[in-house]
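One structure is given below, encoded as structure tokens.
The values are calculated or read from the model by the stated rules, or taken from the named source; none is laboratory data. Here the structure is a predicted model, which means the values were calculated and not measured. All Cβ positions, glycine included, derive from the backbone under ideal geometry; neighbour counts span all protein chains shown.
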Amino acid sequence: MFDSFKNICFVLFLLIASLCWGFPTLSYPSDLQTFTNIKLINDPSNDGDSFRIELNGKIFRLRLYFVDCPETTTSAKADAERVREQSRYFGLAAPARVIFFGNEAKKFTSQILSKPFTVQTAFASAPGRSAQGRIYGFVTTSEGYDLGTLLVKSGLARAKGIGRESADGTKRLEITARLQDLENAAMLKRAGIWAETDPNRLADFRSQQRREDQELKEIQENVEESPSLFKSLDINTATAEELQTIKGIGPVLAERIIAGRPYKTVDDLLKVNGIGYQKLDKIRPFCTIKSQ
């Protein structure tokens, strides 16, 4: 009985909120809402998968679920890094061609959305550098096609990005798998950006990107998890708690290090049970022997 009363109160709250703050419709935050007769707003910052729209008299920047189009600029360092990553993913020897196909995707979307279209969104916030913020959504064209699907089939986007269950109940993993299959088909047809893929270098390009991504991940983990990254600890005087700030050294190993003192060089740590050459290489930057 009490739960029913709480549910009624919650619905009344949403109804009052929609009247006071102009919410588009009454719904739970996770529910997709459908809006028809939406118009694209021409804006220089529009690209293939992110663009401004007018919805219920308000301006939003919409970011498509599930797909990622080539970049259209390298004006910021983050843009240049994304262009480099995309050029490797698509197997392009010249990163500048990413920009070309990014603008092709932009023109494709602008043309497809020249007629009013349908948007389904839950108003979930999408990350990005837009000052106005962005919301995720699905777009159905005036002819009844999903825009993200059309971009992937045309070789102007890849299956990558945030996704969710669709309004008709199709699960996220199924949508992702379907788009990946369409991406593979576009590659085989050499559609769009895939027309310039170098098949002899594609694997090497992607491998290089994975290595760099892993290196960055390890750097981030060390910064977040090892305060000692900013200083070297004297292994002859550091406490067990200080030694454990070094990633890879737990309570047991810290006690073994302390028990093995004194050390003349950092290499002497190899005498400690549990420290081999590989472990030493990882912890060496954070260890030192101060002159007596």
So GLY250, is it of a type outside the set (Phe, Trp, Tyr), more than 16 Å from ILE289 (Cα to Cα) and not assigned by TED's automatic domain parsing to the domain that holds ARG158
yes
Of the conditions (1) surrounded by 14 or more Cβ atoms within 10 Å (Cβ to Cβ); (2) modelled with pLDDT of 90 or more; (3) of a type in the set (Val, Ile, Thr), THR265 fails just one. Which one is it?
(1)
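Yes/no per residue for (1) surrounded by fewer than 21 Cβ atoms within 10 Å (Cβ to Cβ); (2) over 26 Å from ASN37 (Cα atoms):
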position: LEU64; (1), (2): no, no
position: PHE101; (1), (2): no, yes
position: SER110; (1), (2): yes, no
position: PHE138; (1), (2): no, no
position: LEU147; (1), (2): no, no
position: VAL152; (1), (2): no, no
position: LYS160; (1), (2): yes, yes
Check whether at least one residue in the range 182-196 is part of a loop (DSSP other than H, G, I, E, B), basic (Lys, Arg) and modelled with pLDDT of 95 or more, and report yes or no.
yes
From the option list ALA80, ALA96, single residue qualifying as in contact with a Ser or Thr (Cβ under 6 Å, 6 or more places away or on another chain) and aliphatic (A, V, I, L, M) is ALA80
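From the list PHE123, PHE90, exactly one residue is within 18 Å of ALA159 (Cβ to Cβ) and in contact with a Phe, Trp or Tyr (Cβ under 9 Å, 6 or more places away or on another chain). Which is it?
Result of the check over PHE123, PHE90: PHE90.
Please enumerate the residues belonging to the range 236-289 that are of a type in the set (D, E, K, R) and part of a loop (DSSP other than H, G, I, E, B).
Result: LYS247, ARG261, LYS264.
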Number of the exception - GLY155 against (1) within 27 Å of GLU54 (Cβ to Cβ); (2) in contact with a Lys or Arg (Cβ under 9 Å, 6 or more places away or on another chain)
(1)
Scanning for something farther than 27 Å from LYS58 by Cβ, at pLDDT 95 or above, in contact with a strand residue (DSSP E or B) (Cβ under 7 Å, 6 or more places away or on another chain) and in a helix (DSSP H, G or I), does the range 152-168 turn up at least one residue?
yes
